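Below is one structure; the comments refer to it alone.
The values are calculated or read from the model by the stated rules, or taken from the named source; none is laboratory data. Because the structure is predicted, anything quoted here is derived from the model rather than measured. Positions of Cβ are generated from backbone atoms using ideal geometry, with glycine treated the same way; all protein chains shown enter the neighbour counts. Each accessible area value is taken on the protein alone, full model and side chains, heavy atoms only, with ligands, DNA and RNA left out. Shrake-Rupley method; radii C 1.70, N 1.55, O 1.52, S 1.80 Å.
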Amino acid sequence: RHLAGHPLIYYAIRSAEESTSLDDIAVSSDSSEILDTAMKYGVSNIFQRSESLSNDTASKWLVWRDLVEQYEATVEMTVDYIVDLDVTAPLRRPYHIDACVDEATSNQREVVITCYASDRNPYFNMMEKDTDGRWKIVVSSPKSIVNRQKAPTVYSLSSAVYVVSRSALYLHSHWSNADCSLVQIDREYATDIDSEYDFRFIEFLVEKNLVE
């Protein structure tokens with residue numbers, strides 16, 4: 001998919017190139033079209049992903065392991081951290097990458113993820129159905145929270161940047177089990193494309209010069 005004249009992967013590659021904290025760039029995909037596009041934009045570390053790691057139910061954690069193993073076997077060096085840049089978050093900036101890597105390396109974090117202040121709050125305006133079929137607030141409090149301002153601050157994760165230590169990839173089965181830290185970024189940069197509406201919203205921000 002193209003955004004403002006470039007395929008989405010272009011924005012991930014560009015931000016990686018402009019980051020001051022990354023040593024190399026690699027692309028993993030089962031799509032020959034995506035891999036060819038990555039090579040067009042100068043990425044030399046191109047890795048074919050297996051079918052089992054390319055379906056809708058595949059674990060990204062296992063995708064990261066597979067990429068690390070293929071990369072290390074090719075370049076004959078050991079990775080310290082893998083920094084994942086989803087192509088569906090094209091508005092991330094290089095300084096977001098650098099901030100996340102700095103948080104990971106300075107504080108010995110196993111996982112660092114970008115986030116933004118959530119517009120929905122599980123203590124106040126999010127509900128789930130219990131086993132009896134009744135709807136209830138996701139996180140209950142001893143005293144009812146009557147306005148959003150009094151609810152504990154929560155954050156939504158953004159796929160703009162994930163930083164994961166190599167050791168964590170093999171110590172844990174999922175990032176949520178690791179020593180995790182968040183780096184907050186502005187909402188517009190955190191937008192992740194999960195729907196046509198998301199794409200049109202990002203397209204609007206770009207066309208109206210409302211983001212860098």
Quiz prompt | Residue with peak Gaussian network fluctuation, the chain [Cα springs, cutoff 10 Å], from Ala16, Ala58, Ala99 | solution = Ala58
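Given the DSSP H assignment, sum -39500 (n - 2.57) over each helix run of at least 4 residues in the chain and divide by its residue total; what's the result at 222 nm in deg cm²/dmol, nearest 500? Mind showing how you got there, number by number?
Numbers: 7 runs with 71 residues, N = 212.
It comes out at -10000 deg cm²/dmol, rounded to the nearest 500.
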Quiz prompt | Probe 1.4 Å, all protein chains present, accessible-area order of Leu22, Leu35, largest first | solution = Leu22, Leu35
Quiz prompt | Rg over Rh, two decimals, the chain (C-alpha only, Kirkwood Rh) | solution = 1.00
Quiz prompt | Listed residues Tyr189, Tyr95, Tyr197, most fluctuating in the chain (Gaussian network, C-alpha, under 10 Å) | solution = Tyr197
Exercise. Quick one: check the C-alpha center-to-center distance for region 174-200 versus region 52-83, whole angstrom.
Key: 20 Å
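Report the full-extension gain for the segment Lys40 to Ala117: residue separation times 0.36 nm, less the Cα-Cα distance, to one decimal in nm. Provide the component values of the computation, followed by the final result.
Values: separation 77, 0.36 × 77 = 27.72 nm, distance 3.64 nm.
Length gained between Lys40 and Ala117: 24.1 nm.
Hey, can you find the accessible area per residue of the chain for me, probe 1.4 Å, expressed in square angstrom? Walk me through the intermediate numbers first.
Working: 12400 Å² over 212 residues.
I get 58 Å² per residue for the chain.
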Quiz prompt | Share, in percent, of DSSP beta bridges within the chain that are antiparallel, nearest 5 | solution = 65 percent
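Full extension from Ser50 to Thr74: what is 0.36 nm times the residue separation minus their Cα-Cα distance, to one decimal in nm?
Stretched out fully, the Ser50 to Thr74 stretch lengthens by 7.0 nm.
Looking at the chain, identify the longest residue range that excludes and avoids all trypsin sites (Lys or Arg not before Pro) in DSSP loops having at most 12 other Cβ atoms within 10 Å.
Numbers: sites that count: Arg1, Arg120, Arg134, Lys143, Lys208.
Longest run free of exposed loop sites: 2-119.
For Phe124, Phe204, Phe199, give me the order by solvent-accessible area with a 1.4 Å probe, most accessible first, ignoring ligands, DNA and RNA. Provide the component values of the computation, followed by the final result.
Working: Phe124 65, Phe204 100, Phe199 5 Å².
The ordering from most to least exposed comes out as Phe204, Phe124, Phe199.
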Quiz item: Tell me, in nm to one decimal, what length is gained between Arg14 and Glu196 on full extension, where the rule is 0.36 nm per residue of separation less the Cα-Cα distance?
Solution: 63.2 nm
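What size of dipole, in debye to the nearest 20, comes out for region 85-212 about its Cα centre when the only charges are +1 on Lys and Arg C-beta atoms and -1 on Asp and Glu C-beta atoms? Before the final figure, lay out each step's value.
Values: 14 positive and 19 negative charges, 124 e Å.
I would put it at about 600 debye.
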